[in-house]
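Just below is one structure, and these are the notes that go with it.
The values are calculated or read from the model by the stated rules, or taken from the named source; none is laboratory data. In this text the structure is predicted, and so the values were computed from the model without any measurement. Glycine gets a Cβ as well: all are built from the backbone with ideal geometry, and neighbour counts include every protein chain shown. For the accessible areas, the whole protein counts, side chains as well, though only heavy atoms, and no ligand, DNA or RNA atoms are used. Shrake-Rupley method; radii C 1.70, N 1.55, O 1.52, S 1.80 Å.
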Amino acid sequence: MLLPEAAELFYREIYKIATHDTWTSRDRVLALAELQEKLFIELTRKEQLTFSTLFARISYAGYQNQLTASLLYWVHRLRKRAGSARRGESVSEFDVKMGYSALSHTVLASSQMAIPAEVSRICLPLDDPQFQQTETTSWEYKAKARVLALEDRPDAGHFLAIDAENPAHTVAVCYGLDARNENFNPTIQSIRKIFRFPVTLNLLEVEIDRNGAYRPRIFIIEPDYLMDVSAISECFKDTGITPLAYLVRKFLPHETTDAILLGNIANFFLDRLLNEPDLSWQSLFRETFRQYPFVYAAMSDQAVRNLAQKAQKHYLNLQNMAKGGLAKEGIDPSDCMLEPTFFSEIYGIQGRLDLLYKTESRAAILELKSGTPFKPNAYGIQRSHFTQTLLYDLLVQSVYGKQTDPIKYILYSGAEINPLRFAPSVAPEQWEALQVRNQLLGLERILTNILPGADVVPVFERLRSEQASGFLKRDFARFETAYQGLSPLERKYFNAFTGFIAREHWLSKAGQENQDRPQGHAILWRSSFEEKQQQFSILSHLELVDNRANQPDPIIVFRKTAQTNPLANFRVGDIAALYPASSTEDTILDHQVIRCTITALEPEWVTVQLRYRQFNLKPFEAQGLWHIEPDLIETGFANMYRSLFEWAEAPNEQRALLLAPQAIQHPPVSDNSPDDVFQKIIRSDRFFLLWGPPGTGKTSVMLRKLAQWILENTQDNLLLLAYTNRAVDEICEALESIGTHVKQHYLRIGSRFSTAPRFRDQLLQVQVEDVQNRAELRALLDSKRIFVSTVASYAQNDSLAQLKKFQRLIVDEASQLLEPQIIGLLSRVQHFVLIGDHRQLPAVTAQQPESTHITDPDLLSIG
């Protein structure tokens, strides 16, 4: 309920909108819609619920406050009319009066405080025929209904819900129907026990009976949270479906095994051979050294020879496919796209295909697998691979429509016979995969519900009793051993940060409805074009003028047009999603998406580099203009889970050191001379904290002195990390100020597009360009004692940690990092220094008696 004081304020704001002298009808409708949003935020403030959309918030509050169907209709109409107004559509005087009435009567119904006379005079009376209109639409079938489920009525076998297309009335959503949707009973249990009410659902293939009850075939929970197709399919084992495998994989380190490396090489071969089918084996295999330098450097010569022997068979099979094998199946390589990405809000999934063939009359999906199928089904395909094709089928059809029925293949590049295998559509298997998608989302929600202080997480305890075999049994045992080996306090720490990471991950994907700042990747399809323009989050109406997508460095240059927002908030180095748009109504859900990196931003031009080279330029010739929007890279969250687990597997002494449960033994020291500070750091036992305001020389002086001392007085390898690429540039500048000879000793890890031009020669990818073999590669890496990187870039190079042991670590900008981002790394090194500003640094240093707060700006002058 709304407090009287709040109701009075809302009435006063309604009257201010009505009496504003210079406002147009459009201005008033937008102001009323904004005020209505504030009202419903206030009505749900005490609920402590997350609403992904304003529709969900209004529907829930309307149900809780027992607003009439007629009033809810006008409330939702005001919301919709505001959206139309933002798109430039006309607004009538009736829309304004309707807004006054809807808002005033909502305040009245939720507070029981009478509408003031001056406000009542501008409202339509409740008995006005215009105000009594409601939408009455009757359906017999709906392909999709987006609803907000409000409560469960298990005795009647249905949910009570509100349909977004007809929000004035509640509907019954039937579940547990024999031969209809009973296979989604685990989803229903997840809604009851994990998600609870209210919860947003997509109902698919909905039959509507004579009483208006919905009988869906498919339930999709929280469809704006897109689950990755690969994550779902990997839960399908020959022994059954194991959703908990998804949970354990979050924490276990990524291992580049021979099989995984061979798979990466096969994918690289496919991409290159489809562009240039006559490439020789020797030159192509040599290119893989530059693709995976750290992996190769860690291998023995014999291991590389064995890998080459296996890879050559894949090369021959893939070359045969590129030269004629695909054509025999009616797939013309010139009409294929490599690595296209698709997003589907309908099914709540996303995925990147290996190969998509599409013409006006035919389509085909090809997924490459380097291994041989384990316990194949009747079609000769491993179950997880088969499930993957079924989900890709749904993705493609969600963009191009049901009339596009792609033929699906798995290409086993290592198979001796019949490497290309047909995968038919099997609807019940697709439904089962979507049901598993809901279960995985339930696991994500369970993690988000872990709160600080939790000492028991039931889903982790379940791993003890989970039946598994083979590699999965090994993985479960590894997690169980590490987790159960934690002390009660350490377990609380592990649990608390697991919950924190999960909540941040959820917000980054699905977001949370908020009037001031839209959040989450889902705004790419939930927000209107006008809202994106207002948030400066879209580079729109770009004209393609130079297409070099088929070149070794696949570049596309766009010209900005008069409709491109000059204030759009993008920077060089940003990861982005590129798609063609025939109108401002188009979103990434309507097209295949091309992932890219912005490499140049000029007043009139935008240049991007595609992540994957293309040889088919036809999709780029589509009529219309192009849009660029921010992309979401989820590897950062995966790295935090793995870093947390790495800490959990560390020896007891190391965990205790980093968690630092003891009280501070000595207060921090300050106002030291720079030489005193330097001496304290090099004499410190395990770690040191250096913090102070900007401009005190923490990077330009102290970090440089430390690097020089380590280089000249020890044989230790040094890892230098920072949060941003700009800070990494500053570290490189500090290093090179030591002298020109230091270039012989350091490498930078990262992208050339995020590196200042004067430091690009130090990039690993540049220095390996002339490497011809593994010995030269290893010699190059062994000769470098200092590696410089952002935390994110280093975390993505897992193989480097196996190859190069760093005894020392210095982290600049440490106050901008979350503990899970670095705690695993801190457990590897013998000594580390954290450098930060006045913001609170990670708590891992709480036990250290020696720390220094720099306050003297003259530190900058030390030579």
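Do we have residue 338 as under 25 Å from the mean Cα position of the chain (by Cα), modelled with pLDDT under 95 and under 18 Å from residue 580 (Cα atoms) here?
yes
I want to confirm something. Restricting to the range 198-215 and keeping residues that are open to solvent by 50 Å² or more (accessible area, probe 1.4 Å) and in contact (Cβ under 8 Å) with a residue 40 or more places away in the chain, which single residue is farthest from residue 168 (Cα to Cα)? Spell out the reasoning first.
So in the range 198-215, the residues open to solvent by 50 Å² or more (accessible area, probe 1.4 Å) come out as 205, 207, 209-211, 215.
Applying the additional criterion that residues be in contact (Cβ under 8 Å) with a residue 40 or more places away in the chain yields 205, 207, 215.
Details: 205: 22, 207: 20, 215: 20 Å.
Checked the range 198-215; the qualifying residue farthest from residue 168 (Cα to Cα) is 205.
Please report, ordered by residue number, the strands (runs of 3 or more DSSP E) entirely within the range 346-420 with at least 2 residues that are at positive phi.
none
Determine, yes or no, whether residue 102 is among the small types (Gly, Ala, Ser), surrounded by 21 or more Cβ atoms within 10 Å (Cβ to Cβ), in contact (Cβ under 8 Å) with a residue 60 or more places away in the chain and not in a loop (DSSP other than H, G, I, E, B).
Yes, satisfied.
Here is a list of conditions, (1) within 30 Å of residue 763 (Cα to Cα); (2) open to solvent by less than 20 Å² (accessible area, probe 1.4 Å); (3) over 31 Å from the mean Cα position of the chain (by Cα), and residue 302 meets all of them except one; can you say which number that is?
It is condition (2) that residue 302 fails.
Would you mention how many residues in the range 247-285 are under 27 Å from the mean Cα position of the chain (by Cα) and open to solvent by 40 Å² or more (accessible area, probe 1.4 Å)?
The qualifying residues number 10.
Identify, from the list 538, 523, the residue that is aliphatic (A, V, I, L, M), under 26 Å from the mean Cα position of the chain (by Cα), open to solvent by 30 Å² or more (accessible area, probe 1.4 Å) and under 30 Å from residue 223 (Cβ atoms).
Just a single option satisfies the conditions, and that option is 523.
Could you identify the single residue in 760, 778 that is modelled with pLDDT of 90 or more and in a helix (DSSP H, G or I)?
One residue alone meets the criteria, 760.
Determine whether residue 321 is outside any helix (DSSP H, G or I), in contact (Cβ under 8 Å) with a residue 12 or more places away in the chain and open to solvent by less than 30 Å² (accessible area, probe 1.4 Å).
No.
Condition first: among the β-branched types (Val, Ile, Thr) and under 30 Å from residue 318 (Cα atoms). Can you find one or more residues in the range 413-431 that meet it?
yes
Out of everything in the range 574-622 that is in a loop (DSSP other than H, G, I, E, B) and among the hydroxyl-bearing types (Ser, Thr, Tyr), what residue ends up being nearest to residue 271 (Cα to Cα)?
Here the residue is 612.
Residues to consider are 461, 466; find the one that is open to solvent by 20 Å² or more (accessible area, probe 1.4 Å), among the charged types (D, E, K, R), assigned to a loop (DSSP other than H, G, I, E, B) and within 24 Å of residue 248 (Cα to Cα).
466
So which of 418, 438, 495 ends up being touching a residue at least 24 places away in the same chain (Cβ under 8 Å), of a type in the set (S, T, N, Q) and open to solvent by 50 Å² or more (accessible area, probe 1.4 Å)? Lay out the reasoning, then the answer.
On the way: 438 fails: open to solvent by 50 Å² or more (accessible area, probe 1.4 Å); 495 fails: open to solvent by 50 Å² or more (accessible area, probe 1.4 Å).
So the residue among 418, 438, 495 that is touching a residue at least 24 places away in the same chain (Cβ under 8 Å), of a type in the set (S, T, N, Q) and open to solvent by 50 Å² or more (accessible area, probe 1.4 Å) is 418.
Among the candidates 717, 725, 713, which residue alone is open to solvent by 50 Å² or more (accessible area, probe 1.4 Å) and in contact (Cβ under 8 Å) with a residue 40 or more places away in the chain?
725
Looking at 456, 426 in this structure, which one is open to solvent by 20 Å² or more (accessible area, probe 1.4 Å), within 30 Å of residue 324 (Cβ to Cβ) and out of contact with any Pro (no Cβ under 9 Å at 6 or more places or on another chain)?
Residue meeting the stated conditions: 426.
Only one of these conditions is not met by residue 520: (1) closer than 30 Å to residue 252 by Cα; (2) assigned to a strand (DSSP E or B). Which number is it?
Among (1) closer than 30 Å to residue 252 by Cα; (2) assigned to a strand (DSSP E or B), residue 520 violates only (2).
Would you check which residues across the range 10-30 are surrounded by 15 or more Cβ atoms within 10 Å (Cβ to Cβ) and under 14 Å from residue 104 (Cβ atoms) and list them?
Within the range 10-30, the subset surrounded by 15 or more Cβ atoms within 10 Å (Cβ to Cβ) is 10-11, 13-15, 17-18, 23, 25-30.
Hits for the range 10-30 are 10, 11, 13, 14, 15, 17, 18, 28.
Could you check, for the range 542-558, whether at least one of its residues is within 19 Å of residue 83 (Cβ to Cβ), open to solvent by 20 Å² or more (accessible area, probe 1.4 Å) and touching a strand residue (DSSP E or B) at 6+ places or on another chain (Cβ under 8 Å)?
No, the range 542-558 has no match at all.
Limited to the range 175-192, what total is found for residues that are in contact with a strand residue (DSSP E or B) (Cβ under 9 Å, 6 or more places away or on another chain), surrounded by 15 or more Cβ atoms within 10 Å (Cβ to Cβ) and under 19 Å from residue 223 (Cα atoms)?
7
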